[in-house]
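To start, the structure under review is shown below, and the notes come after it.
The values are calculated or read from the model by the stated rules, or taken from the named source; none is laboratory data. Note that the structure is predicted; figures quoted are calculated from it, not measured. We place every Cβ from the backbone using ideal geometry, glycine too, and count neighbours over all the protein chains shown.
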Amino acid sequence: MYKLRGHHLFCLLGYRGMGYSKEYVENMTRIHQTLRANPKTLVQLVKGPDHLCEKYPNSGEYHCQDDNIYDRDAVILEKLGLHIGQIVSWEDIESSVQQHVIPSDIGIVCETCSWRSYGVCEEGVQRITTGNGLWEVK
């Protein structure tokens, strides 16, 4: 079971192998590909740092404790109809995305995210809403 915070659910949808450091990318790729290959994998929704934050590079301000990130987590969980402490399968998260999210939501919910300009998260939401699952990342 993975512990994930709200906004990382959206990050995983758009993930294409980019990240903050080699170690971060390796960790995110492993988690992403596990969820892709095994959508029944359980996820516990947590408040604050999660399994992805564990590998965030220690290079100054700790992004994972920023108030704006906590706010984004809460907005995304609310949008998906999920809550902190809940344990759900990845396929149930994808189902919530299909029911409650459209690609243009990324521009609103993730307005201040530095990764948004790549457009991959909107594409990831589109993939999920059409039943295509997560991208393959090698």
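Quick notes on this one:
- Residue match in segment 51-58 (condition: closer than 24 Å to Gly17 by Cβ and free of Cβ contacts under 8 Å to residues at least 12 places away in the same chain): yes
- Residue selected from segment 1-42 under the condition closer than 16 Å to Gly133 by Cα and among the β-branched types (Val, Ile, Thr), by the criterion surrounded by the fewest Cβ atoms within 10 Å (Cβ to Cβ): Thr34
- Qualifying residue in segment 45-55 (condition: surrounded by fewer than 13 Cβ atoms within 10 Å (Cβ to Cβ), within 21 Å of Met1 (Cβ to Cβ) and of a type outside the set (Ser, Thr, Tyr)): yes
- Cβ pairs under 8 Å, 6+ apart, first in segment 70-82 and surrounded by 19 or more Cβ atoms within 10 Å (Cβ to Cβ), second of a type in the set (D, E, K, R) and modelled with pLDDT of 95 or more: Asp73/Arg5; Asp73/Lys47
- Among the residues of segment 89-115, those identified as in a loop (DSSP other than H, G, I, E, B), under 19 Å from Leu4 (Cα atoms) and not β-branched (Val, Ile, Thr) are Cys110, Cys113, Trp115.
For every residue, the table says whether it meets (1) more than 17 Å from Asp92 (Cβ to Cβ); (2) not in a loop (DSSP other than H, G, I, E, B).
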{"residue": "Gly17", "(1), (2)": "yes, no"}
{"residue": "Tyr24", "(1), (2)": "yes, yes"}
{"residue": "Arg36", "(1), (2)": "no, yes"}
{"residue": "Pro39", "(1), (2)": "no, no"}
{"residue": "Val43", "(1), (2)": "no, yes"}
{"residue": "Lys47", "(1), (2)": "yes, no"}
{"residue": "Asp50", "(1), (2)": "yes, no"}
{"residue": "Asn58", "(1), (2)": "yes, no"}
{"residue": "Cys64", "(1), (2)": "yes, yes"}
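- The one condition from (1) among the basic types (Lys, Arg); (2) touching a residue at least 60 places away in the same chain (Cβ under 8 Å); (3) under 20 Å from Lys3 (Cα atoms) that Arg127 does not meet is (3).
- Selected residue (only one of Arg72, Arg30, Arg36 is among the basic types (Lys, Arg) and within 18 Å of Cys110 (Cβ to Cβ)): Arg72
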